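Report on the structure given below.
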Amino acid sequence: MITKATDYLGYWIALSQTPGLGAARFRLLESHFDGDLESAWKAPPRELRAAGIGGSVVKAIAECREQVSPDGELERLSRSGVAALTWHDAEYPRRLKEIADAPPVLYCRGTLRPDDEASVAVVGTRRPTDYGYRITAELCADLATRGVVVVSGLALGIDARAHKATLDAGGRTIAALGNGLDTVYPRENRRLAERIVEEGGALVSEFPLGTRPEASNFPRRNRIISGMTLGTLITEASETSGTRWTVYHALEQNREIFCVPGSVYSDASKLTNRLIREGAKLVCDVSDILVEIGLDTATRQIAMTLSDADEPRSNPTPDDPDEADLIRHITHEPTHIDDLARLADRPITEVSGLLTMLEIKGLVVQAGMMHYRLP
């Protein structure tokens, strides 16, 4: 029987810091040791080799043992107010879990929710023109009012504008960082990062606490941005922009690419214009995105719900029988999604979808990490 990952969280964190121990090798260890990563962490070299781990990585694990304390890592996280999620945790983003090189451990400050699946990445140049700023703000505000979560990288320029415009419109946004969550980079966006967490969003990173924002981290960080979402929107970017890494990852992950066209005379639009010529979806307004990723019908329902938000409700009951059955188990006391799945005798994936619709309709609210209650 495979042991719960949470039983060995400290060892997951420690092993994930081993150079060369990526997702594929991590799965080999998990399978060989039946999920008991304490045994994997303490295993002799011959046992690690029997699990399919090569000599250089076996040596790296031994060196990591000398430098990293599993219990110490858990204490650091607790002091920093940062959560660590393994790919077995319900809170771990489902779409990110689908990619080939999903990080075994994802660090999080703030709140991740099941409806984050209805999300779009918005990225671009750090030096946008006025046009880039304007179109980014307009599209992100439109996505937010339709209940779509905006994911970006907290960088200066387009990223920061995407996060801010989403928050200003009352939406949710998630920032993926290229460093440990005990610091914010760039410093200019510290207040924006705090606002994201305060207003119900999240900061996420695969990098452990103490990791500095090295240049090599950001191309890797970009696969998290594209991997969490249904598609990636590039509003303005030059051919040399780091945005191109997000595009490469999105294509590898079989995710949609959306681009805003720009002037043929503008260097800031050369990447977007080329990608459109090569088949990316041209975006003039938000409907070009929603129709392509199948959110046009769902977001219309969200918009109707938001417009009716001020209308008084008196003990509303869902029309859908599955939603009605689930809500019978929800009270005014917060209940974790795992407990709801057990009470309703339904798969966790089905309960997650039903809770999303109930939350959209205003019939339940989320009270902290994956806990739900009646309004």
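The values are calculated or read from the model by the stated rules, or taken from the named source; none is laboratory data. A quick note: this is a predicted structure, and the numbers were derived from the prediction, not measured. When we count neighbours, we look across all protein chains shown, and the Cβ atoms used for this are built from the backbone with ideal geometry, even at glycine.
Within segment 205-229, the set of residues being under 27 Å from residue 70 (Cα atoms), part of a loop (DSSP other than H, G, I, E, B) and of a type in the set (Ser, Thr, Tyr) comprises 211, 216. The condition of being assigned to a loop (DSSP other than H, G, I, E, B) and closer than 30 Å to residue 79 by Cα does not hold for residue 167.
Can you name every residue in segment 71-118 that is small (Gly, Ala, Ser), over 15 Å from residue 23 (Cβ atoms) and buried (at least 17 other Cβ atoms within 10 Å of the Cβ)?
83, 84, 90, 110, 118, listed by residue number.
Checking each residue in segment 42-87 for being closer than 30 Å to residue 183 by Cα and touching a Lys or Arg at 6+ places or on another chain (Cβ under 7 Å) picks out 57, 81, 82, 87.
In this structure, is residue 191 crowded, with 24+ Cβ neighbours inside 10 Å, out of contact with any His (no Cβ under 7 Å at 6 or more places or on another chain) and either among the hydroxyl-bearing types (Ser, Thr, Tyr) or not in a loop (DSSP other than H, G, I, E, B) (or both)? Answer is no for this residue. When residues in segment 343-373 are screened for being over 26 Å from the mean Cα position of the chain (by Cα) and either on the phi < 0 side of the Ramachandran plot or assigned to a helix (DSSP H, G or I) (or both), 2 of them pass.
For segment 172-188, the set of residues classified as assigned to a loop (DSSP other than H, G, I, E, B) and free of Cβ contacts under 8 Å to residues at least 60 places away in the same chain consists of 172, 177, 178, 179, 183, 184, 185, 186, listed by residue number. Being touching a strand residue (DSSP E or B) at 6+ places or on another chain (Cβ under 7 Å), in contact (Cβ under 8 Å) with a residue 60 or more places away in the chain and more than 30 Å from residue 146 (Cα to Cα) is a condition met by no residue of segment 25-33.
For the condition among the small types (Gly, Ala, Ser), in contact (Cβ under 8 Å) with a residue 12 or more places away in the chain, in contact with a helix residue (DSSP H, G or I) (Cβ under 7 Å, 6 or more places away or on another chain) and within 27 Å of residue 16 (Cα to Cα), residue 169 does not qualify. When residue 131 is tested against the conditions (1) over 25 Å from the mean Cα position of the chain (by Cα); (2) of a type outside the set (Gly, Ala, Ser); (3) surrounded by fewer than 17 Cβ atoms within 10 Å (Cβ to Cβ); (4) modelled with pLDDT under 95, the lone failure is (4). Summed over segment 96-112, residues that are over 22 Å from residue 184 (Cβ atoms) and out of contact with any helix residue (DSSP H, G or I) (no Cβ under 6 Å at 6 or more places or on another chain) total 3.
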